[in-house]
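The values are calculated or read from the model by the stated rules, or taken from the named source; none is laboratory data. The structure displayed is predicted, hence computed values, not measured ones. Using ideal geometry, Cβ is built from the backbone for each residue, glycine included, and neighbour counts are taken over all protein chains shown.
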Amino acid sequence: MDVSKVLDAKGLACPMPIVRTKKAMNELETGEILEIQATDKGAKSDLAAWAKSGGHELLKDTEENDVLKFWIKKS
Amino acid sequence: MAVNMMTAHQVTQKVFNKEELFILDVRNEDAFEDWKIEGEYFEYLNIPYFELLDGVEEILDKIPSNKEILVVCAKEGSSVMVAEMLSEAGLTVSYLQGGMKAWSEHLEPVKVGNLKDGGEIYQFVRIGKGCLSYMVISNGEAAIIDTTRMTDIFVNFATSKGVKITNVFDTHLHADHISGGRKIAEQTGATYWLPPKDAQEVTFEYAALEGGSVVTIGNTAIDIHALYSPGHTIGSTSFVVDEKFLLSGDILFIDSIGRPDLAGKAEDWVGDLKESLYSRYRALSEELVVLPAHFMIIDELNEDGSVAEKLGKLFAKNHGLNIEDEAEFRRLVTENLPPQPNAYQEIREINRGKITPEEEKQREMEIGPNRCAVR
């Protein structure tokens with residue numbers, strides 16, 4: 001996957017992972033992909049819902065050793 | 001304007017006192033639909049916090065100016081952010097300390113009655129999840145029935161009453177919440193009683209609670225009589241305390257009855273459930289005060305926040321006790337059942353001592369309502 005930017009939101013509690021994600025997305029161009037790394041479990045459902053409401057595409061998400069990773073394509 | 005913090009205890013008092021409250025729930029729509037803070041005169045607005053990152057202007061006209069406002073989220077962080085934004089817009093609002101996580105864990109002790117010789121019985125209302133635990137106090141000793149995972153509350157309550165916890169019971173192997181019974185027993189040296197038919201796979205030592213067993217609390221006259229009443233689980237056992245209170249576990253609730261499917265055996269246990277409710281309970285005094293292990297809806301709470309009703313009244317009013325037709329009863333308790341409690345199979349494994357996830361994981365598993373009943 002051609003990732004344009006990686007956002008490290010590990011250790012941050014809600015709402016910061018989404019606040020940072022939104023900011024990072026603003027700096028990307030349409031079609032570019034943002035990778036987000038987070039440890040807050042709530043990020044999983046929240047990021048999916050946030051991406052959906054903003055029209056962005058959640059391409060993939062994984063969970064490994066308590067680190068959640070998401071790849072979101074900007075609309 | 002100011003941002004205030006409201007505790008789960010304060011919100012519970014508003015539920016008990018039937019006060020008004022406007023709740024702005026900023027969790028995901030799914031989470032809100034699944035489970036929320038219930039109050040008779042509470043109003044709700046659900047807007048996920050991530051829809052409000054650019055400002056709260058668009059929702060200001062949906063927030064009443066004449067009501068107390070509480071912002072709620074999963075853990076607290078997002079509700080503080082939204083409350084601060086509303087405050088900057090000129091509103092006075094509160095956020096819920098600890099969010100729904102704290103709401104799920106909050107226990108409110110309510111005295112439900114006096115026993116012989118100065119004894120007392122308390123109900124611990126887990127308001128967010130609908131679980132009910134009990135403490136029977138007599139002559140310097142205490143027994144706890146259906147303890148929750150938050151054991152400190154019980155231990156501290158016993159200390160404040162100057163009593164020693166000597167016996168801990170579970171009416172059955174719970175599927176909706178993690179029992180604190182074993183932990184309290186280990187901590188205090190109390191005996192931990194379980195119905196052996198529900199304890200077949202447990203990995204720890206316990207005292208077998210058989211139907212007909214009598215355990216005396218204090219050295220005077222408070223007896224706990226065990227009454228075998230299968231149906232929700234095969235081992236489910238009720239207790240008659242001091243010949244006055246019927247602790248019905250998950251067999252009989254105020255406005256509903258226990259579901260027989262959480263151990264995967266709905267069809268097999270329907271007959272047991274009917275027998276327990278329609279024969280074994282029928283043989284008891286109608287004057288007994290029923291104290292169940294759950295409530296499902298907020299209407300089941302009495303004025304003082306307790307959940308209790310005379311057995312005779314339930315025989316007259318509880319729909320689940322008034323279905324004579326076998327086939328209809330079978331349909332009620334096996335078809336169109338509500339969703340199962342969150343993580344119920346893993347919770348059963350924890351209560352058997354087979355797995356011990358870390359505390360944060362246990363907390364997550366218990367999120368949501370209990371869902372042990374059918375109406």
- prompt: If you go through segment B:64-86, how many residues are touching a residue at least 40 places away in the same chain (Cβ under 8 Å) and surrounded by fewer than 17 Cβ atoms within 10 Å (Cβ to Cβ)?
  reply: 4
- prompt: Hey, does segment B:354-365 have a residue that's touching a helix residue (DSSP H, G or I) at 6+ places or on another chain (Cβ under 7 Å), part of a helix (DSSP H, G or I) and of a type in the set (D, E, K, R)?
  reply: yes
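Of the residues B:S256, B:S238, B:S248, B:S276, which is surrounded by fewer than 24 Cβ atoms within 10 Å (Cβ to Cβ), among the hydroxyl-bearing types (S, T, Y) and modelled with pLDDT of 90 or more? Lay out the reasoning, then the answer.
Working: B:S238 fails: surrounded by fewer than 24 Cβ atoms within 10 Å (Cβ to Cβ); B:S248 fails: surrounded by fewer than 24 Cβ atoms within 10 Å (Cβ to Cβ); B:S276 fails: surrounded by fewer than 24 Cβ atoms within 10 Å (Cβ to Cβ).
Sole residue among the options that is surrounded by fewer than 24 Cβ atoms within 10 Å (Cβ to Cβ), among the hydroxyl-bearing types (S, T, Y) and modelled with pLDDT of 90 or more: B:S256.
How about segment B:301-331: which of its residues are crowded, with 19+ Cβ neighbours inside 10 Å and either basic (K, R) or within 11 Å of B:V374 (Cβ to Cβ) (or both)?
Filtering segment B:301-331 down to residues crowded, with 19+ Cβ neighbours inside 10 Å leaves B:301, B:306-309, B:311, B:314, B:318, B:320, B:329.
B:G320, B:F329 - these are the residues of segment B:301-331 that are crowded, with 19+ Cβ neighbours inside 10 Å and either basic (K, R) or within 11 Å of B:V374 (Cβ to Cβ) (or both).
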query: Only one of these conditions is not met by B:L227: (1) under 29 Å from B:N342 (Cβ atoms); (2) modelled with pLDDT under 95; (3) surrounded by fewer than 24 Cβ atoms within 10 Å (Cβ to Cβ); (4) in contact with a helix residue (DSSP H, G or I) (Cβ under 8 Å, 6 or more places away or on another chain). Which number is it?
result: (1)
Matching entry among B:G189, B:G211, B:G162 (being farther than 30 Å from B:Q10 by Cα, in the same structural domain as B:D272 (by TED's automatic domain parsing), out of contact with any helix residue (DSSP H, G or I) (no Cβ under 9 Å at 6 or more places or on another chain) and modelled with pLDDT of 95 or more): B:G189
- prompt: Exactly one of (1) polar (S, T, N, Q); (2) surrounded by fewer than 17 Cβ atoms within 10 Å (Cβ to Cβ); (3) farther than 15 Å from B:V136 by Cα is unmet by B:T216. Its number?
  reply: (3)
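Within segment B:33-62, can you find the residues that are assigned to a helix (DSSP H, G or I), over 27 Å from the mean Cα position of the chain (by Cα) and within 14 Å of another protein chain (Cβ to nearest Cβ)?
Initially, segment B:33-62 is screened for residues assigned to a helix (DSSP H, G or I), giving B:33-34, B:49-51, B:57-62.
In the following step, the residues that additionally are over 27 Å from the mean Cα position of the chain (by Cα) were identified as B:49-51, B:57-62.
If the condition is that a residue be assigned to a helix (DSSP H, G or I), over 27 Å from the mean Cα position of the chain (by Cα) and within 14 Å of another protein chain (Cβ to nearest Cβ), then B:Y49, B:F50, B:E51, B:E58 are the ones that fit.
Do you know which residues across segment B:94-117 are in a helix (DSSP H, G or I), under 20 Å from the mean Cα position of the chain (by Cα) and of a type outside the set (D, E)?
Taking segment B:94-117 first, the residues in a helix (DSSP H, G or I) are B:99-105, B:116-117.
If we keep only those that are under 20 Å from the mean Cα position of the chain (by Cα) as well, we get B:99-105.
Scanning segment B:94-117 gives B:G99, B:M100, B:K101, B:A102, B:W103, B:S104.
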- request: Would you point out the residue of segment B:349-375, among those that are of a type in the set (D, E, K, R) and crowded, with 21+ Cβ neighbours inside 10 Å, that is nearest to the other protein chains (Cβ to nearest Cβ)?
  value: B:E366
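For segment A:26-53, enumerate the residues that are in contact (Cβ under 8 Å) with a residue 24 or more places away in the chain and either closer than 17 Å to B:N28 by Cα or touching a helix residue (DSSP H, G or I) at 6+ places or on another chain (Cβ under 8 Å) (or both).
Taking segment A:26-53 first, the residues in contact (Cβ under 8 Å) with a residue 24 or more places away in the chain are A:28-44, A:46-47, A:50.
Passing the criteria: A:L34, A:I36, A:A38, A:D40, A:K41, A:G42, A:A43, A:K44, A:D46, A:L47, A:W50.
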query: What is the one condition in (1) part of a strand (DSSP E or B); (2) among the β-branched types (V, I, T); (3) in contact with a Ser or Thr (Cβ under 9 Å, 6 or more places away or on another chain); (4) buried (at least 22 other Cβ atoms within 10 Å of the Cβ) that B:I137 does not satisfy?
result: (3)
- request: Keeping to segment B:45-63, report how many residues are under 23 Å from B:V15 (Cα atoms), in contact with a Phe, Trp or Tyr (Cβ under 8 Å, 6 or more places away or on another chain) and either charged (D, E, K, R) or without any contact (Cβ under 8 Å) to a residue 40 or more places away in the chain (or both).
  value: 2
message: Out of the residues in segment B:63-93 meeting the condition of being more than 14 Å from chain A (Cβ to nearest Cβ) and not in a loop (DSSP other than H, G, I, E, B), tell me which one is nearest to B:A31 (Cα to Cα).
response: B:L70
message: Whether any residue in segment B:13-32 is out of contact with any Phe, Trp or Tyr (no Cβ under 8 Å at 6 or more places or on another chain), of a type outside the set (A, V, I, L, M), part of a loop (DSSP other than H, G, I, E, B) and more than 11 Å from chain A (Cβ to nearest Cβ) is what I want to check.
response: yes
